[in-house]
Amino acid sequence: MATATSTTGAKLRKTDRPKQINKMLARISPWWIYAIGLVPAAWYFYLGALNNLGANPIQTFEHLLGEWALRFMIATLLVTPIRDLTRINFYRFRRAFGLMTFYYVLFHFLTYFILDRAMNLPVIFVDIFKRPYIIVGMTAFICLIVLAATSNNWSIRTLGRAWGRLHLLVYLIATLGVIHFFMAVKSWPPRPFIYATIIAVLLGYRLVRLLLDQRRTVPA
């Protein structure tokens, strides 16, 4: 009897654990994501100012910012499967993760636009038409601008269901981001494959979940 009681108690504690974690997360402000998330950009800028980013500091700075954009994109995509599989809810941080993705892509673009090409528009236009990976990256950036501009409560209320459909662009952006990374690197280092694998798994999870939901809604 005592063993059964202790087993039941252990199960209850295990069941309550996600609730306890969610209560703890509810006390954390999403603004911490912005404060901590901008630290890598500031650190890389500091290293670049000290000429400690290698032989090609501008390109290195540009690539590092792009990688952090992918990391925050992965964090954004992880919110749903974590909630589904563990009942731990990071939903209140998802907007911050998404906006941090936008900020790092913006920094990535500004590094190219200001530091790399010195705001020389004719050179930039030639780059865009000569280098397909820039077209891919610019397409993802434009989509991100749309999502960032509508990542507010007013847009959610105004657009209604259209807001949800519009923000499905995040899946296209994640795919374009990985493609841009592959096309931008001249060799085949393992990092693009790692990002591509993680994003493919996360997008595949959503596809499987969508198919299962459709099967449940189809009458027998």
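Residues checked against (1) among the β-branched types (Val, Ile, Thr); (2) farther than 24 Å from Ile199 by Cα; (3) surrounded by 16 or more Cβ atoms within 10 Å (Cβ to Cβ):
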{"position": "Trp43", "(1), (2), (3)": "no, yes, no"}
{"position": "Gly48", "(1), (2), (3)": "no, yes, yes"}
{"position": "Pro57", "(1), (2), (3)": "no, yes, yes"}
{"position": "Phe61", "(1), (2), (3)": "no, no, yes"}
{"position": "Leu65", "(1), (2), (3)": "no, no, yes"}
{"position": "Phe72", "(1), (2), (3)": "no, no, yes"}
{"position": "Pro81", "(1), (2), (3)": "no, no, no"}
{"position": "Arg87", "(1), (2), (3)": "no, no, no"}
{"position": "Tyr91", "(1), (2), (3)": "no, no, no"}
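Of the residues Gly164, Gly137, the single one that is closer than 30 Å to Pro18 by Cβ and of a type in the set (Gly, Ala, Ser) is Gly164. Counting residues in segment 152-159 that are on the phi < 0 side of the Ramachandran plot, under 18 Å from the mean Cα position of the chain (by Cα) and among the charged types (D, E, K, R) gives zero. If the condition is being of a type in the set (D, E, K, R) and within 19 Å of Gly66 (Cα to Cα), then segment 96-134 contributes Asp116, Arg117, Asp127, Arg131. Counting only helices (runs of 4 or more DSSP H) that fall entirely inside segment 1-102 and contain at least 1 residues that are modelled with pLDDT of 95 or more and of a type in the set (Gly, Ala, Ser), the qualifying elements are 31-37, 39-49, 57-86. Taken as a whole, the condition of being over 27 Å from Leu210 (Cα atoms) and out of contact with any helix residue (DSSP H, G or I) (no Cβ under 8 Å at 6 or more places or on another chain) applies to Ile114. Which one of Tyr205, Tyr171, Tyr112, Tyr195 is surrounded by fewer than 16 Cβ atoms within 10 Å (Cβ to Cβ) and outside any loop (DSSP other than H, G, I, E, B)? Sole residue among the options that is surrounded by fewer than 16 Cβ atoms within 10 Å (Cβ to Cβ) and outside any loop (DSSP other than H, G, I, E, B): Tyr171. If you go through segment 87-114 and keep only what is basic (Lys, Arg) and under 23 Å from Tyr133 (Cβ atoms), you end up with nothing.
The values are calculated or read from the model by the stated rules, or taken from the named source; none is laboratory data. Here the structure is a predicted model, which is why all the values come from computation and not from measurement. With ideal geometry, Cβ positions are generated from the backbone for all residues, glycine too; neighbour counts draw on all protein chains shown.
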